[in-house]
Every structure is written in C-alpha cells, then in structure tokens.
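The values are calculated or read from the model by the stated rules, or taken from the named source; none is laboratory data. Model, not experiment: these values are computed from the prediction. We place every Cβ from the backbone using ideal geometry, glycine too, and count neighbours over all the protein chains shown. Quick note on the areas: whole protein, heavy atoms, side chains included, nothing else; ligands and nucleic acids left out. Shrake-Rupley method; radii C 1.70, N 1.55, O 1.52, S 1.80 Å.
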Amino acid sequence: MEKAIQLKVRKDLNPRQQLTVIKLKGSLISKGYTEIIHILDQDEEFHINTFETAPEHRNEVQQYIAAFINAENLSDTISIQ
C-alpha cells in the first residue's frame, strides 16, 4: 500500500448524506482497498479523507468511488482529489 487517494468531504451533511459517506468508506475497507482512512480538517467547510491503496488497485478504486458518488447523487458532497 503506497499510493494515497484523497477525498474532499463537505462537513455540513444531512443524516442521509452522512450515512452514505460512511457506507462508501466502509465498502472501501470491506473490499480490501485499504485498511484505514485518515480524516483531517481542510477548513470550515471540508474534511480531507486520505487512504492508501496498492498501485495496481488505484484506477479501480477511483472508478469505484466515482461510480458510487454518481449513483448516490453525492457530487456536491464528496469529490476525489
């Protein structure tokens, strides 16, 4: 695990959005893409969630996240950095 992926997550989420973001993070861990996700404050509006994944999974993970964001209509809530 050496390639970091960053997600920019809005802080002011409604309960459905919070649950869906947690679902995304849980699925990243359960699918074996990472073991831990680090959360840091970026500013008053956003958190930065960082995790490492194996280089051979990087594109697959990014595609999975993009599809999840699209399917759950979270484009204004979370983005890949």
Test: residue 80 is in contact (Cβ under 8 Å) with a residue 40 or more places away in the chain and surrounded by 10 or more Cβ atoms within 10 Å (Cβ to Cβ): yes
Top-ranked residue of segment 1-28 - restricted to ones that are of a type in the set (A, V, I, L, M) and farther than 16 Å from residue 58 by Cβ, ranked as farthest from the chain's Cα centre (by Cα): 13
Among residues of segment 49-67, those that are more than 19 Å from residue 36 (Cα to Cα) and either β-branched (Val, Ile, Thr) or touching a residue at least 12 places away in the same chain (Cβ under 8 Å) (or both), counted: 1
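The rows are residues; the columns are (1) outside any strand (DSSP E or B); (2) in contact with a Lys or Arg (Cβ under 7 Å, 6 or more places away or on another chain); (3) open to solvent by less than 70 Å² (accessible area, probe 1.4 Å).
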position	(1), (2), (3)
4	no, no, yes
8	no, no, yes
13	yes, no, yes
17	yes, no, yes
21	yes, no, yes
26	yes, no, yes
32	yes, no, yes
36	yes, no, no
44	yes, no, no
Residues of segment 38-77 that turn out to be closer than 12 Å to residue 6 by Cα and in contact with a helix residue (DSSP H, G or I) (Cβ under 6 Å, 6 or more places away or on another chain), as a count: 1
Residue within segment 11-19 that is of a type in the set (A, V, I, L, M, F, W, C) and out of contact with any helix residue (DSSP H, G or I) (no Cβ under 9 Å at 6 or more places or on another chain) present: yes
Selection count where residues are in a strand (DSSP E or B) and over 25 Å from residue 15 (Cβ atoms), scope segment 46-81: 2
